[in-house]
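Chemist: Quick one: structure below, then a few questions.
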Amino acid sequence: MYFTNMIPPLALASLAIAFATPVAANELLQIDQGRYVQSQHECSDPKGSMLFIYDGKSVKSGKTSCKLSNVTQSGNVYQFDESCSYYHRSWSILPTTVTEYKSRLEVLNKREFVLKRENENLEMTDHYRWCSAE
């Protein structure tokens, strides 16, 4: 069969396979991985600061681990759902509390952002800056 003014069938098949193949997920948020502290605290003395440790797929902090889902991006603003498990006892393998948040993260640059978390009981907005690799 001869095709004129068309993409050859083999190229079409290759193109279809390329779109059907899953692509490895990039990092969820376009910020550097590592340890962040609230901007009013020193990296060397983050006492009283909410640590934010980003590994490319999730967020953790001391006794907290948060899973991100439904991540959407519009420019430098990300919106997502967070399910955060709190482990108040050091020996516990099960979370003491699980809290759900609607979150908004505005990337100021690769190492600085503003995070707003809210649910029916709480609304908090904090400015974070990068301190070190995890």
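Chemist: Say R0 is 25 Å: what FRET efficiency, to the nearest 0.05, do SER44 and ASN70 get from their beta-carbon distance? All intermediate terms of the calculation are to be shown ahead of the outcome.
Modeler: Working: r = 36 Å, r/R0 = 1.43.
The calculated FRET efficiency here is 0.10.
Chemist: Also, quick follow-up: So, in nm, how far is label ASP81 from label ALA133 when the simple model puts each one 7 Å beyond its Cα toward the Cβ?
Modeler: About 3.4 nm, to one decimal.
Chemist: Among LEU122, SER103, VAL37, whose Cα lies farthest out toward the positive end of the dipole of the stretch 27-132, if unit charges sit on the beta carbon of Lys, Arg (+1) and Asp, Glu (-1)?
Modeler: VAL37
Chemist: Now for a different question. Quick check on the stretch 27-132: what does the Kirkwood estimate of hydrodynamic radius come out to from the alpha carbon pairs, in Å?
Modeler: Working: mean 1/r = 0.0707 Å⁻¹.
Radius from the Kirkwood sum: 14.1 Å.
Rule-based calculations on the coordinates, nothing more; no lab input. What you are looking at is a predicted structure, and each value in this text was computed from that prediction instead of being measured. Every residue, glycine among them, receives a Cβ derived from its backbone with ideal geometry; neighbour counts consider all protein chains shown.
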